[in-house]
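Just below is one structure, and these are the notes that go with it.
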Amino acid sequence: MIGYLLLSICLFQTIEARHGVGKPPPQRKWMTLHGGQPEVIASGGYSGFYPDSCLAAYDLATESSIPGTILYCNLQFSKDSDGFCISSINLQNTTNIDGLDPKGTKTYNINGQDVTGWFGLDYTIDFILRNVTLKQNIFTRQGFFDGAPIVKPLQITEDKFKKPTRLWLNIEYDMFYKKHKINPEAYLLEKFHPLPEFISSPEIGFLRSIKPKIGNAKTNLIFTILAEPAVEPTTKQTYGSLVKDLAMIKSFASGILIPKEYIWPVNNARVLQPSTSLVQDAHREGLSVYASGFANDNFLSYNYSFDPAREYLQFFDNSQFAVDGVLSDFPSTASEAIGCLNPNKNASRTMPTLIISHNGASGDYPGSSDLAYQKAIDDGADIIDCSVQLSKDGMAFCSDRADILKTTTAATMFMDRITKVPEIQERDGIFSFDLTWSEIQSLKPQIESTFENELARNPAHKNSGKFVTLSEFLELAKQKAVAGIYIKIKNAAYLASQKNLDIVGTVSSALSNATLDKEPKQKVHIQSDDSSVLLKFKDNPSYQRVFYIYQPISGAPAQVAQEVKKYADAVFVHRDAVVMSIDNFCQNFTNTIPAFHAVNISVYVGILKDEFENLIFDYLSDPYVELATFNALKVDGFVTDYPATANMFVRSSCATQGSPYVIKPVEPGYLYVAPPPITEPPLLSTADVVDPPLPAIAKNMPTQSAAGSAPTSGPPSAPPPPAAKSSSTSSVTVGAEGFILAAIVALLTVFT
């Protein structure tokens, strides 16, 4: 135990020496119009979580965002000229109106376009407030809170603690409403004393009309710019042409609210293009610039690696300019980008949690490729990992798993090698140990996407990079002086008894040849789900052994934790062994971390990914909320596909009291309580920990046929391996469905 504590202290001191720990970030300077920090504008409140413009959305925006966050209300009107907040003039997709009044559809010409649906001006405000409720209208967002009542803007001039809020009202269709004898300007001047801090409109006529009537009010008039080809109704010019005349805009407005693509264009391949000069040009005219269209669950440019905070930073933390504010469906993410995140990769570290790559930076490049490892190092990973696989002729190389069907282009060349190995997995696959190293080298690595379609990882890097042998991996780690090396070993028993391959001996020899077995500068971590494998490395005190617990657990009894301690200094668990969710909402924290910490076992948690669909709803589609939650639970290491995200977090002040903004860890049941019964996963048992001794290496094993079928003659010279703790017991077969699967994968590989 003392040896391990010294090892941990030494590792952290290595990290501290490289990066520094605990120094506060320097005071930030902003290139906004007036030099102040950018504003956060909550679009319909926290509309990324609750239905747009409901009271709960506005409350969550004020609770979760940086102080001074502005509440944005898109103002529409009833038949009796009263205003209410809603995202669209057509109530069809955002409310329950179609069920209330099935025959109430009408068609109106709105600024030259015929629009069919249900409209507020056909109903009294009393009917709307009593009967019409809001619903979430974006399919990627949960609908648990549909049915919230509509609110009037005067209801959000104070928060729930009766403190004044900052209000932004957008008058979307002044000309249309006036044609129907509803006067938005009169409504504002009559109902609001004082006027809201911000009033915006996409109609020049409205802004020109109200400007002389606001007198000395401290109200900012903002011109809302729509898509470039859209036509502004007063001038009949496109917004794309109007935005070129900033001096004219300055004559009736103090700023512009503009889609973010006007500032940082993104091409069809979702690659960021050079910025325009719009912000600098507007600032020279004395115009503030507020960028719109921000949402964590947008399909972001690949430049951001699915990290929504990086998109905000691109707009106000670059060397050229800063926008004066951002209109966001997720205002807490905008707040953290302004208030606590530090994009400097070499900034002082504020948290000791280790950053452990998962197949390198596998969110950006094919996992375990040379490019993935180099990016992981560049992105600040403390420890880089290699999941060791063996070829048929014994070459050790790095790849996520033995089945290389989806992690390489194997389906395009070796469909005849598809087989089923129930000791390893239930599905068919193409396994590294059935291909020679020269055959594997004829393939290309392949980026593996957790999600499909728009959330598929960057296709431009789909087959970038090359395979990395274990010896090359160790040499790279030594050359780059990373703090730690993380070696993962699986399937040792099967490889020994069925394939005549000694993966444990291969790894031991490689570490010895690289002189990493003798008090190395780089700390070596050996991970396995097999306790007998970890025993093989027990005699080298410079190694940290990590026990992989792949099943969900709610903790470990003290005696079982002590049993784990016989084999390992740390455990790697999946996220659901720490945070228990139901209906994709956090309902409880398990006892896993306290149970292992009680016996001085470190806990590493993964696999962390930036994609919003990988996150439970409590994390608000924000990977930093997940990191903050695990940090608060005292996790010892983040295992991640995106080391850059973890690196920016551990160098931030986002968990430092007194910071301009602190990310709040989730609270179980705070946003949603699942109906009972709530069943927790089982506790870890001794049977989950203790494995039989590894079998002897088989000798003179008959080779398999090209199709991967069983050998036709000759008994095996060693008994079959013990059954895996969760494996199937069916025999090895090559099913027709396996060939179909491979054919599909091959087609996807070629044509995507």
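The values are calculated or read from the model by the stated rules, or taken from the named source; none is laboratory data. These numbers were taken from a predicted model, which means no experiment stands behind them. Using ideal geometry, Cβ is built from the backbone for each residue, glycine included, and neighbour counts are taken over all protein chains shown.
Quick check on this structure: which one of F315, F321, F299 is in a loop (DSSP other than H, G, I, E, B), of a type outside the set (V, I, T) and at pLDDT 95 or above?
F321
Looking at D583, D610, can you tell me which residue is more than 27 Å from L684 (Cα to Cα), of a type in the set (D, E, K, R) and outside the structural domain of F49 (by TED's automatic domain parsing)? It would help to see each step written out before you state the result.
Values: D583 fails: more than 27 Å from L684 (Cα to Cα).
Answer to the selection: D610.
Just the residues that are among the hydroxyl-bearing types (S, T, Y) and over 31 Å from the mean Cα position of the chain (by Cα), please, taken from the stretch 134-178.
Matches in the stretch 134-178: T157, Y173, Y177.
Taking the stretch 491-542 only, how many residues are under 35 Å from the mean Cα position of the chain (by Cα), modelled with pLDDT under 95 and polar (S, T, N, Q)?
Result for the stretch 491-542: 2.
Which one of the conditions (1) surrounded by 18 or more Cβ atoms within 10 Å (Cβ to Cβ); (2) out of contact with any strand residue (DSSP E or B) (no Cβ under 7 Å at 6 or more places or on another chain) does G120 fail to meet, given that it meets all the rest?
(2)
Taking the residues in the stretch 139-180 that are among the aromatic types (F, W, Y), modelled with pLDDT under 95 and out of contact with any Phe, Trp or Tyr (no Cβ under 8 Å at 6 or more places or on another chain) as candidates, determine which candidate is farthest from N614 (Cα to Cα).
My answer is F161.
All but one of (1) buried (at least 17 other Cβ atoms within 10 Å of the Cβ); (2) at pLDDT 95 or above hold for A558, so report the exception by its number.
Failing condition for A558: (1).
Sort through A61, A56 and tell me the only one that's modelled with pLDDT of 95 or more, in the same structural domain as S200 (by TED's automatic domain parsing), surrounded by fewer than 22 Cβ atoms within 10 Å (Cβ to Cβ) and not in a loop (DSSP other than H, G, I, E, B).
Being modelled with pLDDT of 95 or more, in the same structural domain as S200 (by TED's automatic domain parsing), surrounded by fewer than 22 Cβ atoms within 10 Å (Cβ to Cβ) and not in a loop (DSSP other than H, G, I, E, B) holds for just one of A61, A56, which is A56.
Could you list all residues from the stretch 600-615 that are among the aliphatic types (A, V, I, L, M) and either closer than 18 Å to H525 by Cβ or surrounded by 22 or more Cβ atoms within 10 Å (Cβ to Cβ) (or both)?
Step one: list which residues in the stretch 600-615 are among the aliphatic types (A, V, I, L, M), which gives 601, 603, 605, 607-608, 615.
Within the stretch 600-615, I601, V603, V605, I607, L608 meet the criteria.
Could you look through the stretch 285-322, keep only residues that are among the aliphatic types (A, V, I, L, M) and in contact with a Lys or Arg (Cβ under 7 Å, 6 or more places away or on another chain), and pick out the one that is surrounded by the fewest Cβ atoms within 10 Å (Cβ to Cβ)?
Keep residues of the stretch 285-322 that are among the aliphatic types (A, V, I, L, M), which gives 287, 289, 291, 295, 300, 309, 313, 322.
Keeping just the survivors that are in contact with a Lys or Arg (Cβ under 7 Å, 6 or more places away or on another chain) gives 287, 291.
Values: L287: 22, A291: 28.
The selected residue is L287.
Report the residue count in the stretch 285-296 for those that are at positive phi and either in a strand (DSSP E or B) or within 13 Å of the chain's Cα centre (by Cα) (or both).
1
Can you tell me which condition T234 does not meet? The list is (1) touching a Gly at 6+ places or on another chain (Cβ under 6 Å); (2) within 27 Å of L341 (Cβ to Cβ), and all the others hold.
The one condition T234 does not meet is (2).
If I ask for residues that are surrounded by fewer than 19 Cβ atoms within 10 Å (Cβ to Cβ) and in a strand (DSSP E or B), which ones from the stretch 582-599 would you list?
I582, Q587, N588
For S305, all conditions in the list (1) modelled with pLDDT of 95 or more; (2) at negative phi hold save one; what is the number of the exception?
The single condition S305 does not satisfy is (2).
Do we have G669 as touching a Ser or Thr at 6+ places or on another chain (Cβ under 8 Å) and either closer than 30 Å to C340 by Cβ or at pLDDT below 90 (or both) here?
So G669 fails the test.
Out of everything in the stretch 28-53 that is surrounded by fewer than 24 Cβ atoms within 10 Å (Cβ to Cβ) and either within 21 Å of the chain's Cα centre (by Cα) or among the hydrophobic types (A, V, I, L, M, F, W, C) (or both), what residue ends up being nearest to Y672 (Cα to Cα)?
Among them, the one singled out is W30.
Find the helices (runs of 4 or more DSSP H) located wholly in the stretch 620-689 whose residues include 1 or more that are surrounded by 15 or more Cβ atoms within 10 Å (Cβ to Cβ) and aromatic (F, W, Y), and list them.
Once the helices (runs of 4 or more DSSP H) in the stretch 620-689 are filtered for at least 1 residues that are surrounded by 15 or more Cβ atoms within 10 Å (Cβ to Cβ) and aromatic (F, W, Y), what remains is 623-632, 643-650.
Residues being surrounded by fewer than 22 Cβ atoms within 10 Å (Cβ to Cβ), out of contact with any helix residue (DSSP H, G or I) (no Cβ under 6 Å at 6 or more places or on another chain) and not in a loop (DSSP other than H, G, I, E, B): count how many of those fall in the stretch 85-117.
Residues flagged as surrounded by fewer than 22 Cβ atoms within 10 Å (Cβ to Cβ), out of contact with any helix residue (DSSP H, G or I) (no Cβ under 6 Å at 6 or more places or on another chain) and not in a loop (DSSP other than H, G, I, E, B) within the stretch 85-117 amount to 12.
Restricting attention to the stretch 511-570, which residues are in a loop (DSSP other than H, G, I, E, B) and either among the polar types (S, T, N, Q) or not assigned by TED's automatic domain parsing to the domain that holds Q425 (or both)? It would help to see each step written out before you state the result.
Let us first name the residues in the stretch 511-570 that are in a loop (DSSP other than H, G, I, E, B), namely 514-522, 529-530, 536-542, 550-557, 568-569.
Across the stretch 511-570, the qualifying residues are T515, Q522, N540, S542, Q551, S554.
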